[in-house]
1. In whole angstrom, note down how far apart the Cα centers of the stretch B:1-63 and the stretch A:207-224 are.
2. For peptide B:46-58, how many partner chain Cβ atoms fall within 10 Å of a residue's Cβ, on average?
3. So how do B:101, A:27 line up by other beta-carbon neighbours within 10 Å, fewest first?
4. For the stretch A:310-366, what are the per-bin percents of Cα-Cα distances with bins 10 Å wide, up to the bin holding the maximum?
5. Rank-order A:309-316, C:16-23, A:48-55, A:243-250 by packing density, defined as the average count of other C-beta atoms within 10 Å over each peptide's residues, highest first.
6. If you line up the Cα atoms of the stretch A:499-538 on their principal axes, what length do they span on each, largest first, in Å?
7. Beyond 23 Å, how much of the Cα-Cα pair distribution for the stretch A:743-894 remains, as a whole percent?
8. Per residue, how big is the convex hull of the stretch A:421-535 when only Cα atoms are used? Give it in Å³.
């Protein structure tokens, strides 16, 4: 007899295994290993979240009630998949090129980045998905209870509510752990995808195992099985055409519109080419999932006692035959189906809720100031985590309220029909340029209302929400408003009736309103980009004109949203492409567009757009842009955009020339100052030396103590002179490239220790230095003395110039594309932007403050870094003055093999 | 002789050397070592002679000299400028700002004594 | 013929590629037709309207669709990679 304890134990082990798989995959992906994580097979398997517990248990129940009808649910997606060249290819391409985070984001982005639309879609998605999540929780508790009931050793039935609560809690935890590790939705959730791919294999294997057992174990072979089916209550094929076609179309539509399908199909897509494999492999998967459904249903109907729940045949058949192992496997299969659906649905919905509801509200509340000063990243992550918990909780509450009574299959189809309402707006957006926001909103609204009135509310049964009177005589006694016979369409299947009217009215209103209203300029631009995505995936149209944008503000904001490392890489990459050194590119329209797309991967298109416009001062859609969209004659479009590009190009060139000129002037002033500086630095110690040596020579009666003191001064001043000359020579040698490097190997931590103690010579300012010694376990092979010289310089600069009340210098390490970056960031007021370009020049002292040293330090540092093949740069937009020392891969290696 | 001299200079060693030379010669030497409040120091001390370095922390010697000359009580106080930058234009700037005398570092002790004496008419 | 073998070859390949894309576009419609066929086996002949028969037929169609999809998708793959340079883009991709 199956003991409940074994089941619980197996279940817990399985969950632990899933956590381990997700963790391992995440780790491998972060380390850049595991290319197999990105294989098309994993992609195909992740699509299998289409098959939820509704498939695993419900398909058999469906078949037991209405025969072959269940296959329509799998034939629809099969048709979409084999027709991927039409729609999925375009959806994935648009999703990738526009950095789309969810289906709400796609629709909002297409219709002018409208947040109203996004909120509406999000709301619809939550309403449509919540019952479905409840359904999954119900299936787990139901199957668990079935097991418990069959186990005589179990003292009492476990409380169903508490089982559901535990499952919900565990799922929320898993999703938060692995679903919100990264903010950027386009940073794919490797851990989650890997776990659901594994669950896909498990559920397929479990269902096939039960099927094989039924066909060869129970029935005794294929021909016997066919005979048993012929003798069963579902032997006859009497399908009504409307339901057969209607359900197939409905499941095809839902396959493209379900938020969770969009998540795995588009958002988590690594490579467009994966569709080529999924195009045949996923239909294959669906076919295998459906293969044994009819035999199981037929055998279940014949062998199990009257009144047994057909939705649980997959579990009760093996249990009844005493196959406990198989039953446990089947339970795990159902568990897998339910959990993977809830996890992905929660990720997809939480992205939508946080991007389109929480973030805009937060931005509005903080009045936009938070864009530059607040911690956007943490708020977004928190919002996403809260949303996940909220969505799973909502599913749980729905489960408790509904009492888990309705047949599994019914809820699934109602949910499908609700979400399919996205289809007209989605397809119109991808294929029809005239489709506009007003039309999409109107169509969605009408479709949603019809669905609510004709299907969702009646699904609770007569008199539950809608009074019986409304069913019989229509709303307010209007006969043509009967929810299951709208406009007099009597005698139809209620589901087909609701799907037909909702989709028909949705599409009609969408098309009609789109035709009679005018789209906004941004909508027309986005429309062109979406519909013609294959012509200009590289992105041609642009809405940004960034003359007033301030790159540093943009960088500060981006760091808060996508993280410092990624923002710096993005900005320096863009600067490099523009031929500029450092981290601040020109805010060209191209760059702003790239930035917006990058940010929208984290917070959604509408929010990213709003954030950038807060800094740049509003997107401008020029007359030229409008002509480009409105006028189909490409000539005008090209001419005007070229003209605009030229003007902007000239303006930029002029600005760059001005900057270069400014720098030259500054350098010339410095050259001039160089001589007088040299003179000053040499003459000052000489003055003391001359004065005191004359005193010693001319004054007869000096006390010995005085004599000693004056001689010491002379000595110190000669040393100071020598040091200055050394520095000058050093710099001259470095600049002429005559330096010979003394290459050694040493640990970075030790070098920093040396530098800190050498730079800490005087204790007049108690500079606190924060370091992460574990990180510093890196072996370096280069001229170590020279490198230490650079560190000393940077640290003693912080000592001298950091003006915070409690000066703190943070030394941190980052690795990027093989290079090692050592950041020295203090908490002072930093260096003004106009000084960034000269601080590495000779004798430049920040702000004319006089401190010891001749102002050669950073100039020497720059030369040293150039000689050893690295780089030292000033990092703008940090908490204080920030210097970054960059060492190439060849110099830095991990310290694992280091001698103890 | 009890003439008061105010030395405004930031290099401690030079302060020490000049103070030593002048004190031995009978001067009452006061010192001040930054630019910000140099003018206040001048007003408080009411010196007979000011020795002013050009490169001071906080404010340049030329600016301080201008402020001194702008003060009606101090227009006649002799000022000796010291500079470590030996360029011609610095001398011009010093004269324009109203320096009485101008010396380039390094100087000989005897020369300093001679110049300051002549400036107060000794 | 043998004087200009090059262009003939390239053209043929481009032609193949376009027709493969056509096949990819037509495949779902073939699927719809094949899936609709059992509806025609209504009450007239009780022999045909058995669940077992329809089931076998549907699974055969399913395997056929997946197989065709595999062949077409694979050829599309090859076709795009080998696209001759300089060929003017067509509106085929719309």
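Where a number appears in this text, it was derived from the coordinates with a stated rule and is not lab data. Please read these numbers as outputs of a predicted model, since none were measured by experiment. Using ideal geometry, Cβ is built from the backbone for each residue, glycine included, and neighbour counts are taken over all protein chains shown.
1. After rounding, the separation between the Cα centres reads 108 Å.
2. On the way: counts 0, 0, 0, 0, 0, 0, 0, 1, 1, 6, 1, 4, 3.
Mean inter-chain Cβ contacts per residue within 10 Å come to 1.
3. Listing B:101, A:27 from fewest to most nearby Cβ atoms yields A:27, B:101.
4. Histogramming the stretch A:310-366 at 10 Å steps yields 21, 27, 17, 15, 13, 7, 1 percent.
5. Going from most to least packed, we get A:48-55, A:309-316, A:243-250, C:16-23.
6. The Cα atoms of the stretch A:499-538 stretch 40, 22, 10 Å along the principal axes, largest first.
7. Details: 3505 of 11476 pairs.
Roughly 31 percent, rounded to a whole number.
8. 108
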